[in-house]
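To start, the structure under review is shown below, and the notes come after it.
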Amino acid sequence: MIRLFRKKKKAIIVFSSDYQLGLSTYGDHQTFDIYKYQRIRNKLIEDKLLKPKEIFQPTACTYAEIGKIHSTRYITQLKDPLSVNRLLKIQVNSIFDNSVLEYYRAVCGGTIKAFFAAYRYGVPVFNLGGGFHHAYPEKAEGFCLLNDTAIAVKALRGARPVQRILVIDLDYHQGNGTRYIFRDDPAVFTYSVHATLWNDEPAIANMDRTVNSDITDKDYNATVAEDIHDVLDKFEPEFVVYIAGSDPYEKDTLGDMKLSREGLFKRNMFIAKLCEEHKWPLVVLAGGGYGPDSWQIYYDFIAAALK
Ligand SMILES: [Zn+2]
């Protein structure tokens, strides 16, 4: 095997400059910090936890990969900037401006790269973005255009001998699109903790947990630990995807949960340690997180993994 690293790396970071959302933020979306992931990357480098050349650079996901999850009709819509406007309820600058789709394709390519890297190297792999868990095969929802988790699950399973995948989704919002996509698949277990339920249609390998917005750090983390215990009684994963949403943070400008920076750090490390103990390959996706302080939550997690 080609030696990739001089020293064995503790974690891998996936990012490219194409991850900048090609969107001026205003209206409902002004709460997006479009420089969030660039900021995390820069801070990791500044703190000497990461060298630019160590970053795994993805290429945009292909339409063939998208087509394993999303319908042909939907993909035709995606290629038209005006219908992307309608799907996401935004405005782009011109009918020739496909930068919003290109952003999603870039990050989705990163999620695919993260899956293959986690499988190959057996260390946690962090995509600096992704976790578009509201996207359905035929529709966009909650600012998610492509379901990157589902697309990457299909890509990995198509190419590597791995089947049983656990998706742990601790974003403020429910992983409703991912749940729907795998509703008939016993080998993809979706577990989601959220403040509001978006979809409770039947799904055969699923656990959903709605918590009160004012739940404390202690109760939240205890709930997650108990639930995971129950999930593992029912399902034995070979591979774990963790959507580490930062939007349950008390300083989040969109969500109304009250979890602290320390509480979220404990949550994130619990999942990382669990996967390490069981030797499950782990992919971490950023999920949601809004406002000027949001980046710190994901940064803390990645910095600890790299140390
Ligand atoms: Zn969210």
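Rule-based calculations on the coordinates, nothing more; no lab input. Here the structure is a predicted model, which means the values were calculated and not measured. Reconstructed Cβ throughout: ideal geometry from the backbone, glycine too, with neighbour counts over all protein chains shown.
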Loop sites in the range 70-144: GluC sites (Glu not before Pro), DSSP, at most 14 other Cβ within 10 Å
Glu138
Among Asn221, Asn42, Asn176, residue whose mean-square fluctuation peaks in a GNM of the chain (springs only between Cα atoms under 10 Å):
Asn42
Tell me which cysteines of the chain come out unpaired when the rule is another cysteine's Cβ under 4.7 Å.
Cys144, Cys275
At a Förster radius of 25 Å, what calculated FRET efficiency corresponds to the Cβ-Cβ distance of Ile95 and Lys68, to the nearest 0.05?
0.35
Order by neighbour count: Thr178, Thr196, fewest other Cβ atoms within 10 Å first, most last.
Thr196, Thr178
Exposure proxy order (Cβ contacts within 10 Å, fewest to most) of Asp97, Asp169
Asp97, Asp169
Would you mind classifying the range 210-307 by shape? Square roots of the alpha carbon gyration tensor eigenvalues, ordered a ≥ b ≥ c; an a/c under 1.5 is rounded, otherwise it is prolate if a/b is larger than b/c and oblate if not.
oblate
Before rounding to the nearest 500, sum -39500 (n - 2.57) across all DSSP H runs of length at least 4 in the chain and divide by the residue total; then give [θ] at 222 nm in deg cm²/dmol.
-12000 deg cm²/dmol
Output the Kirkwood hydrodynamic radius of the range 58-186, Cα pairs only, in Å rounded to one decimal.
15.0
Give me the Kirkwood hydrodynamic radius of the chain in Å, from all C-alpha pairs, to one decimal place?
19.2
Are there trypsin sites (Lys or Arg not before Pro) in the range 106-205 that DSSP puts in a loop and that have at most 14 other Cβ atoms within 10 Å, and which ones?
none
Please label the shape of the range 71-147 as rounded, prolate or oblate, based on the square roots a ≥ b ≥ c of the eigenvalues of the alpha-carbon gyration tensor (a/c under 1.5 means rounded; beyond that, a/b larger than b/c means prolate, else oblate).
prolate
The exposure ranking of Asp233, Asp217, Asp252, fewest beta-carbon neighbours within 10 Å first, is Asp233, Asp217, Asp252
Which log10 I(q)/I(0) values, to two decimals, does the range 159-262 give at q = 0.15, 0.22, 0.24 Å⁻¹ under the Debye formula with one point per Cα?
-0.61, -1.17, -1.32
Test of understanding: in a Gaussian network model of the chain with alpha carbons linked when under 10 Å, which of Val224, Val162, Val125 would top the mean-square fluctuation ranking?
Val162
